[in-house]
Amino acid sequence: MPLVMLPGTLCDRRVFAPMLACLAQAQPALAQNTSIIHADMTSHANAHALARHLLDSAPPRFIAVGFSLGAIVALEMALIAPDRVAGMVLLAGNARDVPVSDHASRRAMAAIAPDHLIRDTLWLRYTAPARRHDDALRTLVMDMAMEAPLQTLARQTELALTRSDKRPHLGTMTMPALVLGGAWDAVAPPALQEELAKGLPRATWRMAPEAGHFLPLECPDFCASALAEWLASTFALS
């Protein structure tokens, strides 16, 4: 079963690389027999339009693996094409929309240079306290942001703002789902992860106790282990 990887805001395939490396080390046969497709999350400024665009090039059946903004788009894809999304892996996801009262402040943040925004505002919300002085992690997050195409932050901000509230629709998404969250996540806190997991009829919920929002980079071994266990038990992939 192919995995379509959907990275978060100002991220690229590197956000999943440590998790996939851990998966390959722990489950080499699974990794060798699983097709990995890295989606481009920078081309559209509307959540519904991007989901449809990605579906146009996705395999007939696949598992959507989304981190943060990618999880939001995975939910959009599942709502549009439930017959094609065989399962979802939602890391640091959020089923809610953004209140209209917050739109102006979000757009103002998008006008700040990405490196300044991460360094001065977002970094303390991105990681668990134990990782806030991890220079390698911070450098990777900054590198992804600075190497993103021009206007990516503005487009991805609009992606986030145009998403609809998925809470009324979660009960209709009957495909298996794995919900992974970080206990220290200040962007998509544990309460939102619990809400998402409880709303999805066939969800498995796992919480990483020492991770923040960037759990695929903070605890890739935890994410890989949870993913391998879920694939084996749900899709008989091992």
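The values are calculated or read from the model by the stated rules, or taken from the named source; none is laboratory data. Just so we're clear, the structure is a prediction, and the values are computed from it rather than from any experiment. We place every Cβ from the backbone using ideal geometry, glycine too, and count neighbours over all the protein chains shown. These area figures cover heavy atoms from the full protein model, side chains too; ligands, DNA and RNA do not enter into them. Shrake-Rupley method; radii C 1.70, N 1.55, O 1.52, S 1.80 Å.
Here Asp56 meets each of (1) in a helix (DSSP H, G or I); (2) touching a Leu at 6+ places or on another chain (Cβ under 8 Å); (3) modelled with pLDDT of 95 or more with one exception, condition (2).
Every residue, every condition in (1) within 14 Å of Cys223 (Cβ to Cβ); (2) touching a residue at least 12 places away in the same chain (Cβ under 8 Å); (3) surrounded by fewer than 18 Cβ atoms within 10 Å (Cβ to Cβ), yes or no:
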position	(1), (2), (3)
Met173	no, yes, no
Val179	yes, yes, no
Gly182	yes, yes, no
Val187	no, yes, yes
Pro190	no, yes, yes
Thr204	yes, yes, yes
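Pairs linking a residue in the stretch 111-139 that is closer than 20 Å to Glu158 by Cα to a residue that is in a helix (DSSP H, G or I) and aromatic (Phe, Trp, Tyr), with Cβ atoms under 8 Å and 6 or more positions apart or on different chains, are Ile118/Tyr126. Against the numbered list (1) touching a residue at least 24 places away in the same chain (Cβ under 8 Å); (2) more than 18 Å from Lys166 (Cα to Cα), Ser101 comes up short only at (1). Scanning the stretch 22-46 for residues that are open to solvent by 60 Å² or more (accessible area, probe 1.4 Å) and either free of Cβ contacts under 8 Å to residues at least 24 places away in the same chain or under 20 Å from Phe222 (Cα atoms) (or both) turns up Gln25, Ala26, Gln27, Pro28, Gln32, Ile36, Asp40. The set of residues in the stretch 62-111 that are assigned to a strand (DSSP E or B) and hydrophobic (A, V, I, L, M, F, W, C) comprises Phe62, Ile63, Ala64, Val65, Phe67, Val85, Ala86, Met88, Val89, Leu90, Leu91.
Using the structure shown, decide if Ala78 is without any contact (Cβ under 8 Å) to a residue 24 or more places away in the chain and not aromatic (Phe, Trp, Tyr). Considered against the rule, which asks whether it is without any contact (Cβ under 8 Å) to a residue 24 or more places away in the chain and not aromatic (Phe, Trp, Tyr), Ala78 comes out as no. Residue-level check: of (1) without any contact (Cβ under 8 Å) to a residue 40 or more places away in the chain; (2) of a type outside the set (Asp, Glu); (3) in contact with a Leu (Cβ under 9 Å, 6 or more places away or on another chain); (4) surrounded by fewer than 21 Cβ atoms within 10 Å (Cβ to Cβ), Pro209 misses just (3). Glu158 satisfies every condition listed in (1) among the charged types (D, E, K, R); (2) at pLDDT 95 or above; (3) assigned to a helix (DSSP H, G or I) except (2). Candidates Asp56, Asp83, Asp135, Asp97: the one that is farther than 28 Å from Leu178 by Cα and among the charged types (D, E, K, R) is Asp135.
Taking the conditions exactly as written (among the hydroxyl-bearing types (Ser, Thr, Tyr) and at positive phi), does Ser68 satisfy them or not? Taking the combined requirement at face value, the residue satisfies it.
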